[in-house]
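Report on one structure; see the data block that follows.
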Amino acid sequence: MSGGRSGPARIAVDLLWLVPGDVGGSEEYAVRTLLAYASHGPSDLRPVVHLTGAAAEAHPELGRVLDVETCPVDNRHRGRRLLAESTWLASRTRQLDAVHHMGGRIPARTGAPVAVTVHDLQPLDHPEHFSVAKRAYLGRALPRSIRRADVVVAVSDGVAHQIMDRFAIPAERVPVVSSGVVPAVGLPVPSDPPTILYPAVTHPHKRHILLVEAFHLLAGRHPTVRLVLTGGQGRAEGDVGKAIDGGPHADRIDRTGRIPADLLASHLSGASVVAFPSSYEGFGIPVVEAMAAGVPVLVSGGTPAADLVGGGSVVSAVAGPDRWANELERLLVDDRHRRLLVEAGRQGATAHTWEASADALERAWRLLLATGPVAARRGSEA
């Protein structure tokens with residue numbers, strides 16, 4: 001243990017990158033996975049979570065079950081956050097046993113073994129989805145962080161294979177820690193009128209416009225169907241608004257903005273279908289949540305989200321609004337097809353429990369502790 005200290009190994013967890021409401025699924029993944037570890041993880045590994053005051057205020061549940069240190073920095077300003085990571089965070093993690101950066105970037109190293117969580121490789125595969133400044137930053141920082149890490153944590157098997165293939169990193173250094181879900185009890189009661197739900201920030205790759213155009217077509221054939229869009233505003237916000245207002249059925253499209261988890265769960269339990277046309281995902285938490293809740297899902301092909309669901313729930317990656325409208329309509333009117341997808345989804349979701357997530361995080365941390373000087377120091381103390 002550090003400095004001859006006895007007791008549990010302490011893992012510094014870097015969440016300074018977490019801007020509440022701005023990082024989408026990455027925020028939910030990080031917070032829920034840490035809470036799962038607090039509930040199910042062993043006592044000999046002790047995470048110490050480092051985050052900003054704003055993030056601590058947005059997620060007080062973390063401080064109730066984990067050790068938390070808050071940094072007085074406005075992390076909406078990238079320069080200030082990077083400085084805080086290289087100074088404030090470095091000074092507080094120097095005496096800990098290992099450091100886990102859960103946001104895809106490693107700042108200055110302190111000598112302890114380091115892990116980084118990679119949610120996807122979108123900045124490298126689709127740089128056009130980012131602003132010029134963010135594209136330049138992530139295009140350098142992400143590959144450098146992956147190469148510098150002792151352990152690279154992937155959020156899905158698909159992302160793990162991309163990392164191994166692209167950076168020639170051996171499989172034993174790329175553990176997978178996927179998100180979990182809470183299994184629903186009983187079957188959901190779909191709302192009347194029928195409702196299509198899409199929970200996502202309006203980033204370009206989420207393809208809200210495709211879904212909105214499909215909905216306008218579908219709504220012309222089904223006079224009561226509604227579309228509910230939840231999630232914060234991204235770079236495609238303006239174009240999404242134009243697509244909604246420019247169609248004939250804007251009055252049947254509801255926008256909630258970012259909402260608390262309990263309210264989102266309420267929307268999910270009453271949805272007839274969850275549509276997920278995103279063209280690029282590391283995992284797809286809403287997809288698994290819908291599967292577990294017994295709500296049929298329709299996703300775009302060629303993504304890890306498509307790997308989670310059965311073939312009947314996948315629409316071709318190149319399909320246009322007409323095809324999406326037809327597939328959504330089938331789920332609304334074909335009861336047998338709907339039941340088959342619901343049964344397959346609930347079965348598939350059983351592999352994604354929070355206990356499994358906590359176990360996977362524990363294995364990743366033990367692997368991390370077995371690397372570098374900490375492993376040698378522990379051996380000398382035994």
*Relative contact order (percent) for the chain, with alpha-carbon contacts under 8 angstrom and 6 or more residues of separation?*
18
*How would you order 172-181, 292-301 from highest to lowest mean count of nearby Cβ atoms within 10 Å?*
292-301, 172-181
*For Ser266 paired with Arg144, estimate the spin-label separation in nm (one decimal), with each label point 7 Å from Cα along the Cα-to-Cβ line.*
4.6
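Restricting to the chain, compute how many DSSP beta bridges are antiparallel as a %, nearest 5. Walk me through the numbers before you get to the answer.
Numbers: 0 of 40 bridges.
About 0 percent, rounded to the nearest 5.
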_Two-decimal log10 I(q)/I(0) for region 195-349, as the Debye equation yields it once each C-alpha is a single scatterer, q = 0.17, 0.18, 0.21 Å⁻¹_ = -0.94, -1.07, -1.54
*Using a 10 angstrom cutoff on alpha carbons, build the Gaussian network for the chain and name the most mobile of Arg140, Arg258, Arg338.*
Arg140
*Can you give the calculated 222 nm mean residue ellipticity of the chain, where each DSSP H run of n ≥ 4 adds -39,500 (n - 2.57) and the sum is split over every residue, rounded to the nearest 500 deg cm²/dmol?*
-13500 deg cm²/dmol
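So how strong a dipole does region 195-349 carry about its Cα centre when Lys and Arg Cβ are +1 and Asp and Glu Cβ are -1, to the nearest 20 debye?
Numbers: 15 positive and 16 negative charges, 13 e Å.
Charge dipole, region 195-349, about its Cα centre: 60 debye, nearest 20.
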*Please work out which option in (i) 203; (ii) 132; (iii) 152 gives volume of the Cα convex hull per residue in Å³ calculated from these coordinates, and answer with its label.*
(ii)
_For the chain, set up a GNM with springs between Cα atoms under 10 Å and report which of Glu329, Glu27, Glu57 has the largest fluctuation._
Glu57
*Using a Förster distance of 35 angstrom, determine the FRET efficiency expected from the C-beta separation of Ala168 and Trp88, and round it to 0.05.*
0.55
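Express in nm, to one decimal, how much length is gained between Ser131 and Arg363 on full extension, taking 0.36 nm for each residue of separation and deducting their alpha carbon distance.
Values: separation 232, 0.36 × 232 = 83.52 nm, distance 3.59 nm.
Full extension of this stretch gives 79.9 nm more.
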*Lys and Arg at +1, Asp and Glu at -1: add these up for the other residues within a Cβ distance under 12 Å of Gly246 and post the number.*
-2
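If you average the sequence gap of Cα pairs under 8 Å that are 6 or more apart and divide by the length of region 195-349, what percent do you get for the contact order? Display every interim value, and only then the final one.
Details: 277 pairs, mean separation 39.1, N = 155.
In percent, rounded to a whole number, it is 25.
Less than 13 Å Cβ to Cβ from Val309, Lys/Arg counted +1 and Asp/Glu -1: what total charge do the surrounding residues give?
Values: positive: Arg346; negative: Glu281, Glu289, Asp307, Glu327, Glu343.
That sum, taken over residues with Cβ under 13 Å, equals -4.
Antiparallel versus total DSSP beta bridges in region 34-160: what percent is that, nearest 5? If you can, show how the numbers build up before the last one.
Values: 0 of 12 bridges.
Restricted to region 34-160, the bridges split so that about 0 percent are antiparallel.
Every number here is computed from the coordinates shown, using simple stated rules; none is lab data. Remember, predicted model here, so these are calculated numbers, not experimental data. Using ideal geometry, Cβ is built from the backbone for each residue, glycine included, and neighbour counts are taken over all protein chains shown.
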